[in-house]
Amino acid sequence: MDALLDRRLLVVTGKGGTGKSTLSAALALLASRRGKKVLVCEVVARERVSDFFGRPPSGPTIRQLLPNLYSVHVRPREAMHEYALMILRYETLYKLAFENAAARYFLAAAPSLAEIVMLGKVWWHATQEMERGKPRWDLVVLDAPATGHGLTFLSVPAVFLRLVKEGPLARDMRGMQSLLADPVRCAISIVTLPEEMPANEAIELDRALRSGGFPAGPLFLNGFFASRFSAQEVAQVTRGGPALAAAGEAADNHESRSELSAHYEGVLRKEIPRELLRVPFLFDRQFGAQSIEKVASAIAGSS
Amino acid sequence: MRPLAQVLEGRKVICCVGSGGVGKTTVAAALALSAAIEGKRALVLTIDPARRLANSLGLKELGNQETRIAPELFAQAGLHPRGEMWAMMLDLKLTWDELVERQARSPEQARAILTNKLYQTLSTAMAGSLEYMAMEKVYEVHTARRFDVVVLDTPPTTNALDFLHASDRILDVLDNDAMRIILGPMLRAGKLWFKLLAAPSAMVLRTLARFTGTDFLRDLADFMIAFEGMYEGFKERAARVKALLTSPEAGFVLVTAPNPLTIQEALFFHQALREDRIATAAVVVNRVQRDPRRHGGPDNVAAMREALMLAQIKDSGDLAERLCTTLTEQSMLADLERREVERLSRTLSGVPLLIVPRLRKDVHDLSGLWQIDQFLGGQ
């Protein structure tokens, strides 16, 4: 875990609904506890991480959630604005060029320009340095879009550079590409669940990421059920008569889910050459800071 | 009328929508299966690049072609459909190419577009492209009238509006007046276009070029030249697609999981549909935990120990404690989910709400789909 948290950029990706935001928050929390200054960048439609810690949404400005832990919601419009201003330097010029119907068109037509500026902003945070070469952030955690979109997202620099070879955007894209390919500074993690479809998608995603040359971070198997009853116990309690009907059903449910967990763990270990970390299923009435704590200690403990 | 029949009745197109990971593909396939069982020729159209449908139907491969689910598979599952079930996985690039070929005014124009460098990226990488092509394919299949019902498994769009307004956004790219004006001089100037960059009127062009380089703008101009005159056809077709989706022949089924986040998304989706004057035909809440405590029985460790003793089960360790923990966990989960479903039902009063409990095993074959149909049917 130490080696993982020593990276500059951690990308957390996977199928929708597997718990990418949860793992992003937990990784950030672990790093912040180790004295690192951490920024979580969320690029999906709705930000979640600030809410986990009971804080109001951060929106497009960086806000502190906990000591050493910050978050920002990266949205295409504002990212475009900031990015364009960095290059153009004049608001009036920006307005003229971008706040018109043509810019709307341009945002849609230039291949994934929205993704480019968002990734550009994340890259900027990850490589931003203060005076005397000290980085502003020790670690940037990127909560990436779901599988299909996530892969598109990470491939954006390569796709863009095939079409555009000159200009400041192309120059920055090269920088991003080299960061995303550097195993010393960056790692791409996958989050999945012990279910058929998410497991299959994780396998495909892992292959695509490896063939794309992205440095491999761990695979998080979220929603894990550890076995709690022997087969004999389940059989006995299930046949134990009406007084044990509820207990029998609960034990049987639990074991059927733990069997699935063990089965998919086996499949994933066989198919995906990454470190696999189990994250237990949480029975939390309110999903909040305590839940993130549990996830953080699970991944810190299992490595 | 049974709830499922109510959803299917008179519908020729059913769109399953909802956030990712809720089991949309499974529900879409189950709806198609149900229609096939009842005697219809049903097609389920899936889009997901991760080939989920192929998984859930036990198929190894699923091309852009309509593939009939083998009768032997039904027989193995003990099912005897009166109709037929077909499946298709959307190939994004191919669907675009077919659309261009169909709409082009000449084979030359089609070729010019299909070989354009920018088109090749745009057609696959542009945001909303998948959603647009999914609707386009549904329309195409529907108008060919080869099927009684087409069930669409939509891409896992987080934003409902992305799905409904995908065609508007793409069409805006294909023909944008403002861009046409900016690129206008380039479009007309042919090979000497770069001289134009020096002209004072080309300020905007110059600014854009600072970001992307001039090659990209040139490619864009080429693309727009190639597309000349096709826009109207595209627009008209998109309008007909939209008319179909908003007609009584089409029904939207919202699929959700029983957790606060996805339910939030479902409500958001429902609202977006309403703003587009589309009624939600049904809501399916998938994988709902049943409360084991509905059976009653001991609710504390001491009582559990006694019940185990009475049943002559040896508690060699902490079996009673483990059983109580497990009961508490599942009961709490069931309670949490019940509240969420109630909240959903209150907000969506009048919309049929179908509950599918969490099954002991993953659904990956026809018998699993049929099991889901039993719950959708309210049995």
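The values are calculated or read from the model by the stated rules, or taken from the named source; none is laboratory data. What you see is a predicted model, and the numbers here were worked out from it, not measured in a lab. Neighbour counts run over all protein chains shown; Cβ positions are idealised from the backbone, glycine included.
Residues that are at pLDDT below 95 and among the aromatic types (Phe, Trp, Tyr) within the range A:54-103 comprise A:83, A:90, A:94, A:98, listed in sequence order. Restricting attention to the range A:229-247, the residues that are surrounded by 20 or more Cβ atoms within 10 Å (Cβ to Cβ) and either charged (D, E, K, R) or on the phi > 0 side of the Ramachandran plot (or both) add up to 1.
Return the residues of the range B:342-379 that are assigned to a helix (DSSP H, G or I), crowded, with 18+ Cβ neighbours inside 10 Å and β-branched (Val, Ile, Thr); say none if nothing qualifies. Passing the criteria: only B:372.
Of the residues screened, residue A:269 is one that is free of Cβ contacts under 8 Å to residues at least 12 places away in the same chain, more than 10 Å from chain B (Cβ to nearest Cβ) and touching a strand residue (DSSP E or B) at 6+ places or on another chain (Cβ under 9 Å).
Of the residues making up the range A:234-265, just one is touching a helix residue (DSSP H, G or I) at 6+ places or on another chain (Cβ under 7 Å), acidic (Asp, Glu) and more than 9 Å from chain B (Cβ to nearest Cβ), namely A:255. Looking at the structure I just gave you, is residue B:120 more than 14 Å from chain A (Cβ to nearest Cβ) and either within 15 Å of residue B:242 (Cα to Cα) or surrounded by fewer than 19 Cβ atoms within 10 Å (Cβ to Cβ) (or both)? For residue B:120, the condition - more than 14 Å from chain A (Cβ to nearest Cβ) and either within 15 Å of residue B:242 (Cα to Cα) or surrounded by fewer than 19 Cβ atoms within 10 Å (Cβ to Cβ) (or both) - is not met. Just checking, does the range A:280-287 include any residue being crowded, with 20+ Cβ neighbours inside 10 Å and modelled with pLDDT of 95 or more? Taking every residue of the range A:280-287 in turn, none turns out to be crowded, with 20+ Cβ neighbours inside 10 Å and modelled with pLDDT of 95 or more.
Which of the residues that make up the range B:321-379 are within 14 Å of another protein chain (Cβ to nearest Cβ), touching a Gly at 6+ places or on another chain (Cβ under 9 Å) and at pLDDT below 90? Those that are within 14 Å of another protein chain (Cβ to nearest Cβ), touching a Gly at 6+ places or on another chain (Cβ under 9 Å) and at pLDDT below 90: B:359, B:361, B:362, B:363, B:364, B:365.
Might you check whether a residue that is facing chain A (nearest Cβ under 10 Å), at pLDDT below 85, under 17 Å from residue B:93 (Cα atoms) and in a loop (DSSP other than H, G, I, E, B) occurs anywhere in the range B:128-147? Taking every residue of the range B:128-147 in turn, at least one turns out to be facing chain A (nearest Cβ under 10 Å), at pLDDT below 85, under 17 Å from residue B:93 (Cα atoms) and in a loop (DSSP other than H, G, I, E, B).
State whether the residues of the range B:47-68 include one that is among the hydrophobic types (A, V, I, L, M, F, W, C), at pLDDT 80 or above and either under 19 Å from the mean Cα position of the chain (by Cα) or more than 19 Å from residue B:244 (Cβ to Cβ) (or both). Checked the range B:47-68: no residue is among the hydrophobic types (A, V, I, L, M, F, W, C), at pLDDT 80 or above and either under 19 Å from the mean Cα position of the chain (by Cα) or more than 19 Å from residue B:244 (Cβ to Cβ) (or both). Residue check: is residue A:205 more than 8 Å from chain B (Cβ to nearest Cβ) and within 30 Å of residue B:363 (Cβ to Cβ)? It is true that residue A:205 is more than 8 Å from chain B (Cβ to nearest Cβ) and within 30 Å of residue B:363 (Cβ to Cβ).
Do you know which residues across the range A:169-191 are within 14 Å of chain B (Cβ to nearest Cβ) and assigned to a helix (DSSP H, G or I)? Result: A:169, A:170, A:171, A:172, A:173, A:174.
Among what's in the range B:158-167 and is more than 9 Å from chain A (Cβ to nearest Cβ) and modelled with pLDDT under 75, pick the residue that is surrounded by the fewest Cβ atoms within 10 Å (Cβ to Cβ). It would help to see each step written out before you state the result.
As a first pass, look at the range B:158-167 and keep what is more than 9 Å from chain A (Cβ to nearest Cβ): B:160-161, B:163-167.
Now narrow it down to the ones that are modelled with pLDDT under 75: B:160-161, B:163-164.
Values: B:160: 23, B:161: 16, B:163: 23, B:164: 23.
In this case the residue turns out to be B:161.
Being at pLDDT 90 or above and assigned to a loop (DSSP other than H, G, I, E, B) is the filter; apply it to the range A:32-47 and report the residue that is nearest to residue A:125 (Cα to Cα). That would be A:37. Would you pick out the residues in the range A:1-60 that are touching a His at 6+ places or on another chain (Cβ under 7 Å) and either within 14 Å of another protein chain (Cβ to nearest Cβ) or not hydroxyl-bearing (Ser, Thr, Tyr) (or both)? Residues satisfying the conditions are A:39, A:41, A:42, A:47, A:57, A:59, A:60.
Among the residues of the range B:271-285, those identified as surrounded by fewer than 24 Cβ atoms within 10 Å (Cβ to Cβ) and closer than 26 Å to residue A:20 by Cβ are B:271, B:272. Among residues of the range A:5-29 that are touching a residue at least 60 places away in the same chain (Cβ under 8 Å), those with a beta-carbon under 6 Å from a residue that is of a type in the set (Lys, Arg) and in a helix (DSSP H, G or I) at least six positions away or on a different chain give the pairs A:12/A:20; A:14/A:20.
Here's the yes/no breakdown for (1) within 14 Å of another protein chain (Cβ to nearest Cβ); (2) assigned to a loop (DSSP other than H, G, I, E, B); (3) at pLDDT 85 or above:
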position: B:21; (1), (2), (3): yes, yes, no
position: B:26; (1), (2), (3): yes, no, yes
position: B:39; (1), (2), (3): no, yes, yes
position: B:42; (1), (2), (3): no, no, yes
position: B:78; (1), (2), (3): no, yes, yes
position: B:88; (1), (2), (3): no, no, yes
position: B:97; (1), (2), (3): no, no, yes
position: B:100; (1), (2), (3): no, no, yes
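Scanning the range B:231-253 for residues that are loosely packed, with under 15 Cβ neighbours inside 10 Å and of a type in the set (A, V, I, L, M) yields a count of 2.
Residues in the range A:125-146 that are modelled with pLDDT of 85 or more, of a type outside the set (Lys, Arg) and surrounded by fewer than 23 Cβ atoms within 10 Å (Cβ to Cβ): A:125, A:127, A:135, A:137, A:138. Please tell me if residue A:34 is more than 27 Å from residue A:224 (Cα to Cα) and touching a residue at least 12 places away in the same chain (Cβ under 8 Å). In short, no. Of the helices (runs of 4 or more DSSP H) lying entirely inside the range B:168-283, those containing at least 3 residues that are modelled with pLDDT under 85 and within 14 Å of another protein chain (Cβ to nearest Cβ) span B:177-189, B:203-212, B:214-227, B:260-275.
Counting only residues that are more than 7 Å from chain B (Cβ to nearest Cβ) and surrounded by fewer than 16 Cβ atoms within 10 Å (Cβ to Cβ), the range A:147-168 holds 3 of them. The residues of the range B:6-19 that are among the aliphatic types (A, V, I, L, M) and in a helix (DSSP H, G or I), listed by number, are B:7, B:8.
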